[in-house]
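Engineer: I have a structure here, written as structure tokens, and I will follow up with some questions on it.
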Amino acid sequence: MTETNTALTEALYTQLQTMNFVLLHTVDAESGSPTSSAISWIFAIDVNRLRFSLDGRSRLITNLKERPDVSVTLFGGGSVHAVYGQARIVTDHLEGVPFPLACVDLEIETVRDAMFYGARLSVLPEVEKTYDKRAADRLDNQVFEAMKKAQ
């Protein structure tokens, strides 16, 4: 039986204070089918709320406006966690970022250990930026600072 919580554990909260690779799942606004996208601009505001950024022109924004039910797959603590909740667009345009990024809050309803029985995640997925490292770091810092200020 999998463990279910209504908030992030302290360990997951701490992990989400730095950049992470997660999967964001929405419901497609046109087809009603599930969607899945990899994102990294995400952090925990507190144990009950995640904040992430998406390209403001993305179909994901349309999906969230049509149906705010979302889940995030998070890898950490030796397991895979499914975080379920309601998304709310905080702003359609983050200030201080060179292109139109929307900022979204996810109010957490449930956190579930989604790892299959008898297994442990031994290595976290790693992401390597394939463009100029300094430019990537600068952009990541701009986005995270803007997300922290968004209201």
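Engineer: Can you give me the number of residues within segment 75-99 that are in a strand (DSSP E or B), in contact with a Ser or Thr (Cβ under 9 Å, 6 or more places away or on another chain) and farther than 20 Å from Gly56 by Cβ?
Structural biologist: 6
Engineer: Shifting gears a bit: When Ala11 is evaluated against the numbered criteria (1) in a loop (DSSP other than H, G, I, E, B); (2) touching a residue at least 24 places away in the same chain (Cβ under 8 Å); (3) of a type in the set (Gly, Ala, Ser); (4) surrounded by fewer than 16 Cβ atoms within 10 Å (Cβ to Cβ), which criterion, by number, is the only one it fails?
Structural biologist: In the conditions (1) in a loop (DSSP other than H, G, I, E, B); (2) touching a residue at least 24 places away in the same chain (Cβ under 8 Å); (3) of a type in the set (Gly, Ala, Ser); (4) surrounded by fewer than 16 Cβ atoms within 10 Å (Cβ to Cβ), Ala11 misses (1) alone.
Engineer: Do you know which residues across segment 1-42 are over 14 Å from Ile108 (Cβ atoms) and of a type in the set (Gly, Ala, Ser)?
Structural biologist: Answer for segment 1-42, where residues must be over 14 Å from Ile108 (Cβ atoms) and of a type in the set (Gly, Ala, Ser): Ala11, Ala29, Ser31, Gly32, Ser33, Ser36, Ser37, Ala38, Ser40.
Engineer: Only one residue in Val97, Val123, Val70, Val90 is free of Cβ contacts under 8 Å to residues at least 12 places away in the same chain, β-branched (Val, Ile, Thr) and farther than 15 Å from Leu16 by Cβ, so which one is that?
Structural biologist: Selected residue: Val123, the only one of Val97, Val123, Val70, Val90 that is free of Cβ contacts under 8 Å to residues at least 12 places away in the same chain, β-branched (Val, Ile, Thr) and farther than 15 Å from Leu16 by Cβ.
Engineer: Next up: Condition check: farther than 21 Å from Gln15 by Cα, surrounded by fewer than 18 Cβ atoms within 10 Å (Cβ to Cβ), at pLDDT below 95 and β-branched (Val, Ile, Thr). Does Thr62 satisfy that?
Structural biologist: Details: farther than 21 Å from Gln15 by Cα: yes; surrounded by fewer than 18 Cβ atoms within 10 Å (Cβ to Cβ): yes; at pLDDT below 95: no; β-branched (Val, Ile, Thr): yes.
No, not satisfied.
Engineer: For Ser53, state whether it is surrounded by fewer than 19 Cβ atoms within 10 Å (Cβ to Cβ) and at pLDDT 95 or above.
Structural biologist: No: the conditions fail for Ser53.
The values are calculated or read from the model by the stated rules, or taken from the named source; none is laboratory data. Given the structure is predicted, the values throughout are model-derived calculations rather than measurements. Here the Cβ is made from the backbone with ideal geometry for all residues, glycine too, and neighbour counts use every protein chain on show.
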